[in-house]
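Structure record follows, encoded as structure tokens.
The values are calculated or read from the model by the stated rules, or taken from the named source; none is laboratory data. The shown structure was predicted, so the numbers you read here are calculated from the model rather than taken from an experiment. Cβ placement follows ideal geometry from the backbone for every residue including glycine, while neighbour counts extend to all protein chains displayed. Just the protein is used for accessible areas: all its heavy atoms, side chains included, with ligands, DNA and RNA removed. Shrake-Rupley method; radii C 1.70, N 1.55, O 1.52, S 1.80 Å.
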Amino acid sequence: MKVGSTLLALCAILPVASAFAPAQTTRPGTSLFGGENHPINGGLPTFNPPSRDRAQSEHVDQTPPNQSSYIVSGDRSSELSYDPAAFPSNLPLQQIQGGKSRLTYKMPQGADRAQIFINSHGRPLKARVELWLGPIRRVHFIDIACMNGAETPYRGCIKFKNTDSAGPQTLEISTSDDQAFPALVGVDIMTPDRSKERQAVFDAIWKSSTKLYSQGDKTVRSIPIADHVKSVQLLVWSKDVGKKSFKANVEFLQGPNCKRQYYELQCGGGTQPYHAVFEVPGNGWTMRWTNTKTLHDGSHEFVVVPYELEDDAPAESDEMAPYYNGFAERSDEFGYANSLGPHGNRVWH
């Protein structure tokens, strides 16, 4: 009898408890674009620009699930690699000792592009390249850290505003705190005609290559590099996704988390496009790109394509690179001798 009375009491309580339960309601769609909730971000309104969709899914549909969506590969070297004046490694070099030693190069009037070559005698390469517009405004910055500067030198081409309109600009190259890591530096300042030719070549590569989109806020893109690729060229430009500055960490890994080359790169809106060549000797290389700018202000696109292939690379030459005097009509036009630097007696032979 006691059990039966207990069951009757519970049955009497249950309807009363359900009377206090809140009514089930369906949350209306809150999307600002199309009237439906976005499948990500918890159903909150999400702005999805077409450029992001294009960059993320351009090659995913036709890629097997067991392969990466993009691999740096090709059947021939870039035509630019056969130009002896493009990214020359046989410039006259100046030696910079370690311990924060530095060299400065004043950009001559009318210049808007310069090529930079930095290597070492086989020791780790630790250097910094900065371009200053005036005394306090830094418009380009790259921090270089390589395990072997002779095997993987730095070869870059920076674009900047014309000195006729922007004012005086100074290129500064310095070493790290460690006294044991000197660097060898060569700078080639391009004439206006050569700069226009290089821009035309850049545009052709940019239009014909796959552009990878980077959103910002520590987003990471990993791009495997085929074993037969000897060197790769990196092109970065934000003109189609905001026209703002970009900041990223570029790592070249050979094996699991083995950083053979590390670069911290930052370019302002007026020092773009950025173009560089990186050596990847051997096999098993992967480039890891980390966007270190904010989510809403760090959008940019970049291209990674082969520069030289192992079986299709141009022959190396011991002759001095053409136009090695850079912008100058003669070697002493700017008072810097053949090195285009303030220390002509420190040219490395």
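Below is a table of values for the structure above.
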read-out	value
Shape category assigned to region 205-326 from the gyration tensor of Cα positions, a/c cut at 1.5	oblate
Counted charge near residue 275, where neighbours are those whose Cβ lies closer than 12 Å (Asp, Glu -1; Lys, Arg +1)	+3
Surface per residue (accessible, 1.4 Å probe) for region 118-159, Å²	39 Å²
Cross-link table 207/259; 126/211; 106/244; 207/293; 106/243; 161/247, entries beyond 22 Å C-alpha to C-alpha	207/259; 126/211; 106/244; 207/293; 106/243
Region 164-248: radius of gyration over Cα atoms, expressed as a fraction of 2.2 N^0.38 Å	1.46
Accessible-area ranking of 147, 287, largest first, probe 1.4 Å	147, 287
Pairwise centroid distance, computed over Cα atoms, of region 225-256 with region 293-318, Å	6 Å
Candidate residues 194, 102, 138: accessible-area rank, largest first, probe 1.4 Å	102, 138, 194
Surface per residue (accessible, 1.4 Å probe) for region 223-285, Å²	33 Å²
Largest-first ordering by accessible area, 1.4 Å probe, given options 70, 154	70, 154
